[in-house]
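Down below is the structure, laid out as structure tokens.
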Amino acid sequence: EPEVTQTPSHQVTQMGQEVILRCVPISNHLYFYWYRQILGQKVEFLVSFYNNEISEKSEIFDDQFSVERPDGSNFTLKIRSTKLEDSAMYFCASRRLSPVYEQYFGPGTRLTVT
Amino acid sequence: DAKTTQPPSMDCAEGRAANLPCNHSTISGNEYVYWYRQIHSQGPQYIIHGLKNNETNEMASLIITEDRKSSTLILPHATLRDTAVYYCIVRVEGGDMRFGAGTRLTVKP
């Protein structure tokens, strides 16, 4: 069964450094998402991406965040200058154009900012 | 977006049905009820969704009241592997998922 993959599984970085989290969505999916989950808290929507542009973003997704689909398979989340409060689990998700209801989530990348 | 209210936690005996309630009294006519779950720290997993009719798939059944103000997710024969946080989400079709705190279901042997 196809699945969303994410790398790395755990990333440790120092405050102020840039990080890039990588995701490979399911191959015939056209919508892509990033979510994050701070330890012990709820899953929070960050951004959705379709047709090479952001379709929706939350208030969390500020100028330090960016997303890109650099080639036909990868979908990346860049955090320009990490802060301690960026420490969280980051989940990538994807879905088909139709039906629209089911998003497939990856296993997540645990980001630790020290 | 319509808000949802779920009990923070529930227990269920293994092999019994788990009935997880959700209130969504402000749901709009074009909003669907989605259920996802998250096992430990894994990525959320889609379970089922519905608009107004009751739905069933291989994982669960979804019962939506006639006025659509509440719904119940039913796991017919809960197993230990069903221990997870269950999220009820109300969104328009194709919308991103906005997760609340969910219900932590513990299935006990």
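The values are calculated or read from the model by the stated rules, or taken from the named source; none is laboratory data. For clarity, every value in this text was computed on a predicted model and none was experimentally measured. Cβ atoms come from the backbone with ideal geometry, glycine included; neighbour counts cover every protein chain shown. These area figures cover heavy atoms from the full protein model, side chains too; ligands, DNA and RNA do not enter into them. Shrake-Rupley method; radii C 1.70, N 1.55, O 1.52, S 1.80 Å.
Could you look through region A:2-26, keep only residues that are of a type in the set (S, T, N, Q) and more than 24 Å from residue B:94 (Cβ to Cβ), and pick out the one that is nearest to the other protein chains (Cβ to nearest Cβ)? Here the answer is A:9. Taken together, the criteria place residue A:6 among residues that are surrounded by 11 or more Cβ atoms within 10 Å (Cβ to Cβ), closer than 20 Å to residue B:97 by Cβ, modelled with pLDDT of 95 or more and not charged (D, E, K, R).
Which of the residues that make up region B:30-44 are open to solvent by 50 Å² or more (accessible area, probe 1.4 Å) and touching a residue at least 12 places away in the same chain (Cβ under 8 Å)? Of everything in region B:30-44, those that are open to solvent by 50 Å² or more (accessible area, probe 1.4 Å) and touching a residue at least 12 places away in the same chain (Cβ under 8 Å) turn out to be B:30, B:40. The sole residue among A:76, A:109, A:114 that is modelled with pLDDT of 95 or more, more than 13 Å from the chain's Cα centre (by Cα) and of a type in the set (Val, Ile, Thr) is A:114. Screening residue A:29 with (1) in contact with a Leu (Cβ under 9 Å, 6 or more places away or on another chain); (2) within 14 Å of chain B (Cβ to nearest Cβ); (3) surrounded by fewer than 14 Cβ atoms within 10 Å (Cβ to Cβ) gives one miss only, at (3). Which of the numbered conditions does residue A:34 fail, given that it passes all the others? Conditions: (1) in a strand (DSSP E or B); (2) open to solvent by 30 Å² or more (accessible area, probe 1.4 Å). Checking residue A:34 against (1) in a strand (DSSP E or B); (2) open to solvent by 30 Å² or more (accessible area, probe 1.4 Å), the one that fails is (2). Figure legend. Inter-residue proximity from region B:68-89: first residues more than 17 Å from residue B:39 (Cα to Cα) and of a type in the set (Lys, Arg), second residues outside any helix (DSSP H, G or I) and open to solvent by less than 10 Å² (accessible area, probe 1.4 Å), beta-carbon distance below 7 Å, spacing 6+ or different chains. Indicated pairs: B:69/B:24. Counting only strands (runs of 3 or more DSSP E) that sit wholly inside region A:47-114, those with at least 2 residues that are open to solvent by less than 50 Å² (accessible area, probe 1.4 Å) and at the interface with another protein chain (Cβ under 10 Å from one of its Cβ atoms) are A:88-95. Checking each residue in region B:52-109 for being away from chain A (no Cβ under 14 Å) and hydrophobic (A, V, I, L, M, F, W, C) picks out B:63, B:64, B:73, B:74, B:75, B:78, B:80, B:105, B:107.
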